Every structure is written in C-alpha cells, then in structure tokens.
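Remarks on the structure that follows.
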Amino acid sequence: MSTTAFETPAPGRALRIGLWAAQVVIAFTFISAGLVKLLTPIPQLAAMMPWAGQYSETFVRFISLVDLAGGIGILLPALTRILPRLTVLAALGCSVLQVFALVFHVSRGEAPVTPLNVVLLALSLFVLWGRGWKAPIAPRQF
C-alpha cells in the first residue's frame, strides 16, 4: 500500500490580486482615518464626526492610533515579508474594531454611517481568511 501526498494547489492569481487590493484599500482607509483623527483639532473633528466632540480627546486620539496600527499592520508585514503573520493579526484586529464600530454607531442612532464599517469588516475578514489560510505569505529567509 502506498501513501499519496496531497498537496494544496497554489492560490489563484485572481485571489492573490484580490487580497492585495483589499489590503491596500484597508490600509489607505485606516491610515487616512487615523491621521485625520490624530491631526485634526477636536472642534473641527467634531464637526465631521459628532461623537469626537462627545468623548475625551484621549479616547479620540487612542482610536486614531488603533486605526494607524491596523492600517500599517495589514500591509507592511506582507509587503516586507518580515513577520507576515502580523498581517493576519492586523486583519483580525481590524475585524474586531469594525464590529465594535458598528455596535457603537448603531447604539448612538448613527446607522447611516455604518455601510463603510460593513464594507471594511467584509474586507478585513477576507484578508483574515486569505492570508491566514488560503494564500499565506511566506516569511523572508535571511
């Protein structure tokens, strides 16, 4: 009796392109949002995002740093191939953040702003699945 090794086929080109596109969109969105929340004075930010004027500046700035970390983490480790598993963890973090954002906005009666959260959640889950199981990036060999 012989044993047959089953090899997982390499992920398709379309999947790899889709994952990179999703990572770039997430990174751009999170980094942009993080920079806006970090660099905009609170009164101006409250005009754009009413919740920002109703919570402490420390909370708003903390959320901006979380956004920046998610945006950088979803792209940079995969691009450099240095600790690419951090991209998977960043995708998990971005997914959790979007679930919290959905609950937060719905609880405040701000349902009209949630479609962006839903799209970012879907993209983050796609990257989590893709980079975690379907098309992981191999770490760089030094």
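What follows is calculated from the coordinates using simple rules that are stated; it is not laboratory data. These numbers were taken from a predicted model, which means no experiment stands behind them. Using ideal geometry, Cβ is built from the backbone for each residue, glycine included, and neighbour counts are taken over all protein chains shown.
When residues in segment 10-56 are screened for being touching an Asp or Glu at 6+ places or on another chain (Cβ under 8 Å) and within 16 Å of residue 126 (Cβ to Cβ), 1 of them pass. Those helices (runs of 4 or more DSSP H) of segment 1-120 in which 1 or more residues are in contact (Cβ under 8 Å) with a residue 40 or more places away in the chain and surrounded by 19 or more Cβ atoms within 10 Å (Cβ to Cβ) occupy 13-39, 57-80, 85-107.
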